[in-house]
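What follows is a single structure, written as structure tokens, with notes after it.
The values are calculated or read from the model by the stated rules, or taken from the named source; none is laboratory data. All values derive from a computational prediction rather than experimental measurement. Reconstructed Cβ throughout: ideal geometry from the backbone, glycine too, with neighbour counts over all protein chains shown. Protein only, heavy atoms only, side chains kept; ligands, DNA and RNA dropped before computing areas. Shrake-Rupley method; radii C 1.70, N 1.55, O 1.52, S 1.80 Å.
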Amino acid sequence: MAQPVVQTIHRDPALFWWILLPITVVMILTGILRHYAMTLLQSAPKKQSLPQIRQQRSLVRGFNLRQNANVLTPTSFQARKAYMVSSYQEGKFLADPESRGKPRPNPMSDPAAMEGMMGMMKGNMAMMIPQTLIMGWINAFFSGFVIMKLPFPLTPQFKSMLQSGVGTRDLDVRWVSSLSWYFLTLFGLQPVYNFILGSNNAANQMAQQMGQVNPGAGLMGPEQDPDKLFLSEAENLEVLQHQWILEGVEDRLLAKLAV
Amino acid sequence: MNEERELAISPIVQTSVQHNTQVVSNIRNLTASLFGVAAGTLGLESYPGFIFYLVGTLIVSLLVFAVRAEGKPSEYFHRPLGDLWGGEVFSGLSSFVLTWTLFYGLVRA
């Protein structure tokens, strides 16, 4: 019958106004700030020379042909394939045909590659700096307060992290200090950003990680040899099994209409 | 080969799939926060709280199934099981815990 004694702490209601609310508001505003900072930091794509654009676009063209081959009639697909493969293999679309077969220069010396790395760095910085700043701010101003009770129990391992600055040995782990409210908001505010900033904002971490793997960058990275890319694309086109989508469409239509 | 052919005849448009996922994710996030408010106000603790969340998401799934997908989930979702019933359940959990803790702290403790 002996119920374990439930620890209760009577807290000043002002703790809500002076700790909980400020942290929440600051977290939301930081997310919005990060979104706009990322938008501003995004450098406009550099203008490329005509042969380079042609090199890039012709590779994309081969890729598109491979993707949408099924809507073409066999004859027109064969004609396109023959043209693309032969020009790929001859290197017609290369930006500088003289350097074909030579080893690529060191990517670190290429200014375009450096720019890409800088962009990635900026993204990471915009993520890291506010987090460190806010952690420091919370530790400096709000440490030592027990502000709330978690509705679910935790193992004692969390005690040192969640009750940092509270020097009470026997206090239940469920009573936590302001730093844990910071962690909760850090992970739980994603939908709030989604509603405020629209779905593809730069405020949340997931988009951050996805943004670093830019799909366009892998296609024609500066460190890849365009000649090799063309040759492999030609090979892909060669082995593609072409199936015209309108083949047997009459039978399918009749089968669909038949009751 | 047969399945590939089916896909080519009636293709899956990536934009529509993304839009549907977005709609489901918005509904889930909003309802997860509201469930957190409810659980905190009711003063649920530990397991009952999480069970409350699971039951709530199940009801939301049923509602999405009945209202938004009009009972035909295969027309709106590529994989109905994963995208409608199981999708986004755990991404809503963090916002549920946030509002749950907040309202529990405000109302009860």
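Structural remarks
- For the residues of B:92-99, the average number of beta carbons from a partner chain within 10 Å of their own beta carbon is 5.
- 10 Å Cβ neighbours from other chains, averaged over peptide A:182-192: 5
- Phi angles across the stretch B:12-28 convert, under the Karplus curve 6.51 cos²θ - 1.76 cosθ + 1.60 with θ = phi - 60°, into 3J(HN,Hα) values of 9, 8, 5, 5, 5, 4, 4, 4, 4, 4, 5, 4, 4, 5, 4, 4, 5 Hz, Gly and Pro given as x.
- Per-residue accessible area (protein heavy atoms, 1.4 Å probe) orders A:LYS122, A:LYS228 as A:LYS228, A:LYS122, starting from the largest.
- When accessible surface is computed with a 1.4 Å probe, chains A and B are found to bury approximately 2100 Å² between them, both chains counted.
- FRET E, pair A:PHE16, A:TRP137, Förster distance 25 Å, beta-carbon r, rounded to 0.05: 0.85
- Peptide A:152-160, shielding by other chains (average Cβ, 10 Å cutoff): 2
- Members of A:LYS46/A:LYS228; A:LYS81/A:LYS228; A:LYS92/A:LYS228 lying beyond 21 Å, as alpha-carbon distances in this model show: A:LYS46/A:LYS228
- Heavy atoms of the protein chains alone define the surface here; on that basis the stretch B:26-107 has 51 Å² accessible area per residue at 1.4 Å probe size.
- The simple spin-label model puts a point 7 Å past each Cα toward its Cβ; for A:LYS92 and A:VAL173 those points are separated by 6.9 nm.
- Counting only lysines at least 8 places from A:LYS149 when in the same chain, those with an alpha carbon closer than 18 Å to its own are A:LYS159.
- Length added when fully stretched, A:ALA255-A:TYR83, from 0.36 nm per residue minus Cα-Cα: 58.2 nm
- Set of lysines near B:LYS72 by C-alpha distance (under 26 Å), chain-local residues within fewer than 8 positions excluded: A:LYS256
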